[in-house]
Each structure stands twice: as C-alpha cells, then as structure tokens.
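Here is the structure we will look at.
The values are calculated or read from the model by the stated rules, or taken from the named source; none is laboratory data. A quick note: this is a predicted structure, and the numbers were derived from the prediction, not measured. Counting neighbours? That spans all protein chains shown, and the Cβs are built from the backbone with ideal geometry, glycine included. Side chains are part of the model used for accessible areas, which takes the heavy atoms of the whole protein and leaves out ligands, DNA and RNA. Shrake-Rupley method; radii C 1.70, N 1.55, O 1.52, S 1.80 Å.
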Amino acid sequence: MQINGKLLIGAQEVSATKGTMKALDPATGEAIEPPFALGGSDEVERAAQLADEAFDSYNRTTLAERAQFLERIADGLDAIAPELARRASLETGLPVAQLEGEAAKSATQFRQFAAVVRQGRFRQATIDPAQPDRAPRARMDHRMQKIALGPVAIFGASNFPISYSVAGGDTASALAAGCPVILKAHNGHPGASELMGRVIRQAVAESGLHEGVFSLVRGGGNEIGEALVDHPLVRGVTFTGSEAGGMALYRRAQLRPDPIPVFTEMTSVNPTFVLPAALAARGHAIGDGFSERMLVTVGQACLKPAILLAIDGPGYDGMKAAMAARVEAMAARTMLTPGIHEAYRRNVARLGDAGAARIAAGGASQGPWEGQSILFEIEGARMLDDPSLSEEVFGPAALLVRVADAEQLIAIAKQFRGQLSATMQIDHADLSLAERLLPLLERRTGRIVVNAFSHPQEVSHASIHGGPFPATSDSRFTSVGMTAIERFLRPVCYQGFPDALLPEALRQGNPLGIWCLTDGELSKA
Ligand code: NAP
C-alpha cells in the first residue's frame, strides 16, 4: 500500500497547509521518506463538517451493516499486517514481531466489536410499558436506548503504534458505537498511521458509508489538537499520553461554551505489593518475573509494573538479586521518540535527586535515543516523606521499596494516586494482610491482579483499563475491552411513541432479537 504523506479528510487526499514533517528512525536519528503533510484548524473544520454530515446516516446503519464495516477493517488490517509492522518498527524502534502481534490484536478488536454490535446489547434497550390503570396516576409508555454521542476526536498514542493508535481500541469502540471518528495521528509514527488510515477509509468506501465517517489529520504543535477539542461539532474526545497533555486538553474541553466528555488515559506506576509469606516462599521468582515485565517494550507501557514494595525479611535479598540480574543483563534499547528519551533521562535523575539508590544498571546507551535499564531502591519511610517518588518514570526503570512493616506498607498504599492496575503477590498465610490492602486498592485502581504481573492486558468483556485520576480522567469507564464502547454512548428516552416512530431496538415484538429489559425483567424475546 502506497504512503504519500497526505492528510485523509473523508475521501479527499489533502496536501500540507502548515508545512511538512518526516518520520525519524529512532535507532539512527535519520529522517525517513516521504514528507508528511501538516494541517491546522482549516483541516479540522473540513473533517468536522464531513463527520457531522455523516453522523445521522452512520448512526442509523443496521447492526449487521455496522458489524460488517468493522469486519472489513479487520480484514484490511490483516492484509497489510507485515507491511504495517515493518513500517511501524522503522518509525518506533520496536521489534517487528511485537508489532505483528499488535496488528493481529487490532484486527481481533475490530472483530470483537463487530460481535458486540451484532448482539445489540450495547443499546441497553429498556421498556417500561404503559400502565393506564395504575393508581394513583397512570404510567405512560417509556422506552430507553443508548445512541452515539456524535463525531469524536481520537488522539493516537505513541507507545503502541498500532493497537492504541489509528486502528486501536478507541477507534474500534467509537465506530462500533456509531460515532464518526476524526483521528489525530501521533507524529512518532506517521507512515504506520497513514497505512491504517487508508485501510479504514477503504472499508468506509466499500461499505457504502458517508465519507465523513473517518478522517485522519496531523499537525505540528498544539494547533490541530486544540482545534479538535474546541470544534463545536466534536462531541467527545479520547486521549492516551502524558498527564500534562491530557489535562490541558481535558480542561480546554470543560471551558467550551458546551463542555464535552474527554476520556484521557495518562499515567500509572502499577504498584506490586509482595506480602511476607509469598516473599519467603518465592522471592527470587517474583523478582525475576517483575523485572521481566518491567522491561517489556523498553518500559514504555502504561501497564509497566514500576514500583515493587516488600516488607524486609526472608526472601527480600533473593528477590532484589533476581531483579538486579535481569536489569543488568539488558542492553540499552532505542526509545520511541527523542522527547520520550529526554523525559526518561530527566525522570531518572529526579529519582536519584529524591534519594533513591541506583542498585543495578543495564548496558550503557550506544545510539542517540537508547534507554539504559535501571533499578533503584529506597526505604519505605523515605517514600512516605516524598510522594514524588510514586510518580511514573516512562521507560525501563523501576523502584524497589524496602518496607519496615505491615503498618508502613498500608500507609504507603494509602499515598498512591489513582492507578490502572495494582498487584498482590500472596500465599495462604498472607490472606489477612491482603484483606486489609484490598479495599485500599479497590479505591485506587481499575484492576487488581493476584500472583501475576499486570502486563499484558486481555481484550475481553470483563477487561478494565481505567482507574481513578490520574490514571484516567474518568474512573467510570475503560479504554480497553468491550465496555469501552460505553464512553461513546448516551441514553435517550422515548415517551408515548407510536410503534412505527420508535427506533428498531425498542419496537414491539423485539424485531432485532436483542437483549431488552422489559418492566425490570431481562429477556431476549
Ligand atoms: P503527549 O506529549 O501527551 O502527546 C500525545 C498526543 O497529544 C500527541 O498527539 C500530542 O501532539 C497531543 N498533545 C499533547 N499535549 C497537547 C496540547 N496541550 N494541545 C494539543 N495537543 C496536545 O504524549 P507522548 O508524545 O506520547 O509522550 C510523552 C510522554 O507521555 C511520555 O514521556 C510519557 O511520560 C507519557 N506517556 C504515557 C503513556 C501511558 O500510557 N502512561 C503513554 C504514552 C505516553 P504533538 O505530538 O503534535 O505535540
């Protein structure tokens, strides 16, 4: 598939209005052809107008039509998977095999959302029939279903350039809900973004949908992102990236004359609590497993386990030695972008300045943006004194916390801000301490893992990739898994409607055969 560097606004290929950029090979620092067009608020205006024009017809596609469209995207991703993985690898320095896995995961997500659409349960069809004889007051017929928010803006993430990017879960769940998508491509992987954008655009055309169902824009600086969040026709936003960027966009959206929902996924250290019996029984294995996970994808994963807390005692030294051994054996590896590499260097220095001792380091950096793996250690009391030690270091670094006793462990747990996940390593004798920790973790995380490590994430019906601030800006929702679709839906109640005017999901006799709550009883008539 040809990459020509144009913006994809509906069916149009749009040339640069704000200059061009080139992708960088992070392994060498060299520019990669071709130049990519940069746009600004004019391109956002055109994409938003088209998305708005597309909304009514796209929102009214039948469940089968919409599911088929999502499956076409999945087939298109499968067809270009080797080429997509190669281009993404060139632009990010991530291994081709890992990116082939991401491409397969993306295609699977589109198929999973196609199944969700066919099942129709996302509509949450609810019928409270009329009760004309009810005393003291008759009840009118009320029917509720969920409909799509409207056109949405999606910011592609840098760190998973396929499965959290143009063809990631945000796009799949927004399209499944019935929302046209304007995708703001991340400048870290413009070629891979264009390939995925072309696949989606082709599926739009082959499905006979309005061209405005999907557009891909790109810009330099903040203009394009701000224009997207400000645009009156944009009805929702999703974002994965830094806390600073996410909160700037979130606040901006709340200052609009008509504030809109913004779902940001920002930062998490995914703490691991190793309880004493588990530490004594298998400290070495826990240390090894933790470091292995921590180092995956050069530590540039939102679910990277970054902080391990253990009460000093039998097994501690063995665990520490195993953590250090993995880190020392790791060569420095290329990070995603110069900006991310620079932020990593700054944050590593911050941990040192805050008093964390550097106890192990991997091979030294050779290339321009290679990240050296580092393990730090600190006393629990110091951690309590300085909450900045609980902040994310995005990259291959971890912090081991030597905790004095159970009370100190509980106190540190209370200090953590919101997290995507937390892990407990426990044995039978740890149950009573685990029971004390559990309510603290429930209040602070979206996912609690026992005796495994938090990465990687399953994409399924029960998946939650969310959590209290600052893990996300809205702890009620997930950005991964089938319920991610709920971010893009809102309820509408239809009262006293004749059957012919009702949406299909709410008509007499359940013509779609979907799950429906009738007078409080769930059934699939
Ligand atoms: P980022 O700087 O937050 O940027 C993400 C996207 O948002 C980019 O497309 C960026 O556009 C746009 N953007 C950011 N701030 C904006 C603003 N104020 N106005 C308009 N648009 C804005 O994230 P990143 O480039 O992926 O990486 C930077 C840092 O983010 C990393 O070092 C890491 O700390 C963090 N990060 C965390 C996770 C996680 O899952 N925890 C994932 C990725 C990144 P431009 O590129 O055009 O500026």
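Contact annotation: residue pairs with Cβ atoms under 8 Å, 6 or more positions apart or on different chains, pairing a residue in segment 259-276 that is among the aromatic types (Phe, Trp, Tyr) with a partner that is near the ligand (Cβ under 9 Å from one of its atoms) and open to solvent by 10 Å² or more (accessible area, probe 1.4 Å), are Phe263/Phe239. If the condition is being open to solvent by 10 Å² or more (accessible area, probe 1.4 Å) and near the ligand (Cβ under 10 Å from one of its atoms), then segment 206-236 contributes Gly220, Gly221, Asn222, Glu223, Glu226, Ala227.
In the set (1) closer than 24 Å to Val181 by Cβ; (2) assigned to a strand (DSSP E or B), the condition left unmet by Gln457 is number (2).
Rundown of residues vs (1) without any contact (Cβ under 8 Å) to a residue 24 or more places away in the chain; (2) more than 25 Å from the chain's Cα centre (by Cα), yes/no style:
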{"position": "Glu30", "(1), (2)": "yes, yes"}
{"position": "Glu33", "(1), (2)": "yes, yes"}
{"position": "Val44", "(1), (2)": "no, no"}
{"position": "Ala47", "(1), (2)": "no, no"}
{"position": "Arg72", "(1), (2)": "no, no"}
{"position": "Asp78", "(1), (2)": "no, no"}
{"position": "Glu83", "(1), (2)": "no, no"}
{"position": "Pro95", "(1), (2)": "yes, no"}
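Filter segment 390-410 down to residues that are open to solvent by less than 40 Å² (accessible area, probe 1.4 Å) and away from the ligand (no atom under 16 Å from the Cβ), then give me how many there are. Residues that pass the stated criteria total 7.
One line per residue, one yes/no per condition, for (1) within 13 Å of the ligand (Cβ to nearest atom); (2) within 20 Å of Val262 (Cα to Cα); (3) in a loop (DSSP other than H, G, I, E, B); (4) out of contact with any Cys (no Cβ under 8 Å at 6 or more places or on another chain):
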site	(1), (2), (3), (4)
Leu183	yes, yes, no, yes
Asn187	yes, no, yes, yes
Val199	no, no, no, yes
Val204	no, no, no, yes
Ala244	yes, yes, no, yes
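Taking the numbered list (1) in contact with a strand residue (DSSP E or B) (Cβ under 8 Å, 6 or more places away or on another chain); (2) on the phi < 0 side of the Ramachandran plot in turn, Gly93 passes all entries but (2). Filtering Ala16, Ala54, Ala27 for residues that are among the hydrophobic types (A, V, I, L, M, F, W, C) and at pLDDT 95 or above leaves a single hit, Ala54. The single condition from (1) within 12 Å of the ligand (Cβ to nearest atom); (2) open to solvent by 20 Å² or more (accessible area, probe 1.4 Å); (3) not β-branched (Val, Ile, Thr) that Gln131 fails is (1). Could you say whether any residue in segment 141-153 is touching a helix residue (DSSP H, G or I) at 6+ places or on another chain (Cβ under 9 Å), crowded, with 23+ Cβ neighbours inside 10 Å and in a loop (DSSP other than H, G, I, E, B)? Yes: segment 141-153 contains one or more residues that are touching a helix residue (DSSP H, G or I) at 6+ places or on another chain (Cβ under 9 Å), crowded, with 23+ Cβ neighbours inside 10 Å and in a loop (DSSP other than H, G, I, E, B).
Only one entry of Ser193, Ser158 meets the criterion of being open to solvent by 10 Å² or more (accessible area, probe 1.4 Å), touching a residue at least 24 places away in the same chain (Cβ under 8 Å) and closer than 21 Å to Ala227 by Cβ, and that entry is Ser158. Val296 falls short of the stated requirement of being open to solvent by less than 10 Å² (accessible area, probe 1.4 Å) and either of a type in the set (A, V, I, L, M, F, W, C) or within 16 Å of the ligand (Cβ to nearest atom) (or both). Tallying residues that are in contact with a Lys or Arg (Cβ under 7 Å, 6 or more places away or on another chain) and within 16 Å of the ligand (Cβ to nearest atom) within segment 305-333 yields 1.
For segment 316-350, the set of residues classified as open to solvent by less than 30 Å² (accessible area, probe 1.4 Å), in contact with a helix residue (DSSP H, G or I) (Cβ under 7 Å, 6 or more places away or on another chain) and touching a residue at least 40 places away in the same chain (Cβ under 8 Å) consists of Tyr316, Met319, Met323, Val327, Met335, Leu336, listed by residue number. Set side by side, the residues Glu91, Glu30, Glu83 differ, and just one is under 30 Å from Ala331 (Cβ atoms), open to solvent by less than 20 Å² (accessible area, probe 1.4 Å) and out of contact with any Ser or Thr (no Cβ under 7 Å at 6 or more places or on another chain), which is Glu91.
For every residue, the table says whether it meets (1) in contact with a Lys or Arg (Cβ under 7 Å, 6 or more places away or on another chain); (2) modelled with pLDDT of 95 or more; (3) on the phi < 0 side of the Ramachandran plot; (4) open to solvent by less than 60 Å² (accessible area, probe 1.4 Å).
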| site | (1), (2), (3), (4) |
| --- | --- |
| Arg447 | no, yes, yes, yes |
| Val450 | no, yes, yes, no |
| Phe453 | yes, no, yes, yes |
| Thr472 | no, yes, yes, yes |
| Glu486 | no, yes, yes, no |
| Pro503 | no, yes, yes, yes |
| Gly520 | no, yes, no, yes |
